[in-house]
Amino acid sequence: MITIKKIFQSIEHYISIGKKRFIIYPYGKGGKLVEHLIKKNYQDIEYILADNYLKKDGIYSVGQLKEFSQEYILFLCTDNPEIYEDIRRGLKENFTGEICDLAQTDTKGQDITFHFASPKMQIEEISLEQRAAVFDRTKRAWKKLGEEEPYFSVITHEELKTQNITQEVLSRFFLSGRAKTAEICASMERNDMGEPEQLHILELGCGCGRITKSLAERFGRVTAVDISEGNLKIARENVVSDNVEFVLIEEVEEYLTLPRADVIYSVIVLQHNCPPIIEYILKAMMDRLNPGGVFMFQVPTYLNGYSFVYEDYMRQAEGMEMHCFPQNRIFEIAYANHCIPLEVFPYNSTGRSDNSMMFLFRKEKGQVYES
């Protein structure tokens, strides 16, 4: 299956090794998606279109691809089983260069664990004092991670550990943020949010600025928020732009003092907080959302056997944690804060067998409805 994620992963890989000339073939549904993403996000990339069945100016046939074989990477853009073998046979005869088969690009499967017979998760309510204590614990852990393993704390790949970091690895790390920004913009376009250049986006959990860098290129104003001083220091060094403001959260109540925004975005962040903190942040972000604005966030919603009990939790060793938050509670919080659901879909980014989901909510504009 060809997805936006696969396309961006492939483009970013070739850019990272200095390849910027591509053939898009065939020019069907997949090919048009690849061209759209390149046009919108990579102005410095050169590409040509090829298709054996379209006889149009500017579209090459397979037989004409021999002259491009040594200089171009060919993106194979179809997973249609009816033409799959014919297309690959034609390429073997006419193209000797490198082929990136977007239908065969490896990605991790999504292991969905929730079903109707799944038991209820045990999540204990806590007091205000206990809430402050668990937030302090989380902040201490991320302060240490930001100082010792800032990049690995954002994406847990071995190459991003401090002892393995190279300039090439860092270049790929920051380039990968473009795909996330493109996902945000695509979501906005699907839901008629207007042009990003006119909007203020709040990035919740900006880390080292991986996504912030490309957000600053697309949005009129960016507020980048994190609880890790070390990560924010790196973000400030790598994202120098007049339209970006960085904010360090030191107390959980400070989420409610953040500036209001048209778009609020968070991915691979909420899951590192225990459920009472996730709940507080969700309520605060929905409060900070401008009327008509959109809140996009990812969080795991179910893990079989998961429980949160304050006393047990506080006895555990501090470090990077993984938590869940019940989906039914998310909808209750949204309803209470006048936010309506636009989209909910699986978004596996935890590396675990849980129900990681992406949510899009729009805050009502405050219209008066007549009966």
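The values are calculated or read from the model by the stated rules, or taken from the named source; none is laboratory data. These numbers were taken from a predicted model, which means no experiment stands behind them. Note that we place each Cβ from the backbone using ideal geometry, even for glycine, and neighbour counts take in every protein chain shown. Note: accessible area is taken over every heavy atom of the protein model, side chains too, but ligands, DNA and RNA are not part of it. Shrake-Rupley method; radii C 1.70, N 1.55, O 1.52, S 1.80 Å.
Report the residue, chosen from THR212, THR138, THR166, that carries the largest GNM mean-square fluctuation when the chain is represented by alpha-carbon nodes joined by springs under 10 Å. Judging by the Gaussian network model, the answer is THR166. Of all stretches in the chain that contain no trypsin sites (Lys or Arg not before Pro) in a DSSP loop with at most 15 other Cβ atoms within 10 Å, the longest one is 162-259. Taking the centroid of alpha carbons for each part, segment 171-204 and segment 61-91 are 31 Å apart. Note that the chain presents 50 Å² accessible area per residue, ligands and nucleic acids not counted, probe 1.4 Å. Taking the accessible area of segment 1-148, probe 1.4 Å, and keeping the other protein chains in place, the carbon and sulfur fraction comes to 50%. For the chain, the longest principal axis of the Cα atoms and the long axis of helix 229-238 meet at an angle of about 30 degrees. Each Cα pair under 8 Å and six or more residues apart adds its separation to the average, and for the chain the resulting relative contact order is 15 percent. Amide H contacts under 5 Å for ILE73: ARG21, PHE22, ILE23, restricted to partners 5 or more places along the chain or on a different chain, H placed in the peptide plane at 1.01 Å from N. Give me the angle, in degrees from 0 to 90, between the Cα long axis of helix 327-336 and the longest principal axis of the Cα atoms of the chain, rounded to the nearest 10. Result, in degrees: 70. Residues whose amide H lies under 5 Å from that of ILE249, counting only those 5 or more places away or on a different chain, are ASP226, ILE227; hydrogens are built 1.01 Å from N in the peptide plane. Among beta bridges identified by DSSP and lying wholly in the chain, the antiparallel ones come to about 30 percent. Note the angle between two axes, namely the Cα long axis of helix 29-41 and the longest principal axis of the Cα atoms of the chain, as a number of degrees from 0 to 90, rounded to the nearest 10. So the inclination is approximately 70 degrees.
Rounded to the nearest whole Hz, the Karplus-based 3J(HN,Hα) values (6.51 cos²θ - 1.76 cosθ + 1.60, θ = phi - 60°) of segment 165-177 follow the sequence 5, 10, 5, 5, 4, 5, 4, 5, 4, 6, 5, 5, x, with x at glycine and proline.
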